[in-house]
Amino acid sequence: MLEEATADIPGIEVIPFSGLLADFAVEQQAQALIRGIRGATDADYEVQLSQVNKTLNPLLETILLPANARTGFISSTVVKEVFKHNGDIHSFAPLCVKKALLTKQANNS
């Protein structure tokens, strides 16, 4: 879904991986991680993760990018809850997410 949602954005490459992000960053020769945060709870968690990653890979920096105020309240939980109650999710998620939720719903029926 991420590949589909970002297909129109130049320079985006989606690379699945398993294991530690700090190790994956080394493999990709990355010097920094950009992590999105919605609020204080996300920030606290991301600071903890950045400290772990910095310990595992001292050359790796983490940049925390606050969400836009218009979208900072959106989470997967919100999207799934609105969908579950037949609400319109087009303002919260790309069409590919709606399609995936419809497929999952049909498979669970």
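Observations on the structure shown:
- Sparse-neighbourhood loop sites, GluC sites (Glu not before Pro) in region 1-63 - DSSP loop, at most 14 other Cβ within 10 angstrom: Glu13
- Taking the chain and dividing mean pair separation by its residue count, relative contact order in percent (alpha carbons under 8 Å, at least six apart): 25 percent
- Rg over Rh for region 19-71 works out to 1.02, both radii taken from alpha-carbon positions and Rh defined as the Kirkwood radius.
- Candidates Thr71, Thr62, Thr41, ranked by Gaussian network fluctuation over the chain, Cα under 10 Å, top entry: Thr41
- Along its first, second and third principal axes, ordered by size, the chain spans 47, 28, 28 Å in Cα coordinates.
- Inter-probe distance in nm under a simple model that places probes 7 Å from Cα toward Cβ, at Ile9 and Asn68: 1.1 nm
- Neighbour-limited loop hits for trypsin sites (Lys or Arg not before Pro), region 29-93 (at most 16 other Cβ within 10 Å; DSSP other than H, G, I, E, B): Arg38, Arg70
- Dipole size of the chain about its Cα centre, with +1 on Lys/Arg Cβ and -1 on Asp/Glu Cβ: approximately 440 debye, rounded to the nearest 20.
- Pairs of Lys residues in the chain, spaced 8 or more positions apart or belonging to different chains, with C-alpha separations under 16 angstrom: 6 in total.
- Distant alpha-carbon pairs in region 52-109 (separation over 12 angstrom), percent: 74 percent
Coordinate-derived values only; no laboratory data. Keep in mind the model is a prediction, meaning the values are calculated, not measured. When we count neighbours, we look across all protein chains shown, and the Cβ atoms used for this are built from the backbone with ideal geometry, even at glycine.
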